[in-house]
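The values are calculated or read from the model by the stated rules, or taken from the named source; none is laboratory data. What you see is a predicted model, and the numbers here were worked out from it, not measured in a lab. For neighbour counting, all protein chains shown are included, and Cβ atoms are generated from backbone atoms with ideal geometry for every residue, glycine included. To get the accessible areas, we keep the full protein, side chains included, count just its heavy atoms, and leave off ligands, DNA and RNA. Shrake-Rupley method; radii C 1.70, N 1.55, O 1.52, S 1.80 Å.
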Amino acid sequence: DDELEHLQRLLVIIGGYIKEGNIEKIVETDIEFHDLMYHAARNERLVGIISNLRDQLTRFRTLSMSYPGRLEETLDEHRLIVEAIANGDRKAASKAAERHMENSEKTLLKAMEALEREKNAKAKKAKK
């Protein structure tokens, strides 16, 4: 219950940071949210793997959440996960988490493509 309440509080905090447009604090709090989810899963192997990937995940998370509209989508997806957990619905929580990861991946790829296009456009301009 304490973990669930903490997750719900973090969602409120992230929502406030989204309104402020404070991407640094959003990412910081999002990391805390995910860490709590990993620990709440009681899967030490997962916690270890995630810890080893932390720097890379942070870079990807920042890029993905910088993509237009993704912040609000992420918050909504997190809410669905927490609601399912609160309702004791493992299947819905798992499905919501899977959908969140798929959407995050798609957005990350879009953001990386946009960055590449921007980089190429700057290179073309520099040659002129």
Given (1) in a helix (DSSP H, G or I); (2) surrounded by 11 or more Cβ atoms within 10 Å (Cβ to Cβ); (3) more than 11 Å from the chain's Cα centre (by Cα), ALA126 misses just (2)
Find the helices (runs of 4 or more DSSP H) located wholly in segment 1-107 whose residues include 2 or more that are among the aliphatic types (A, V, I, L, M), without any contact (Cβ under 8 Å) to a residue 60 or more places away in the chain and open to solvent by 50 Å² or more (accessible area, probe 1.4 Å), and list them.
2-20, 44-65
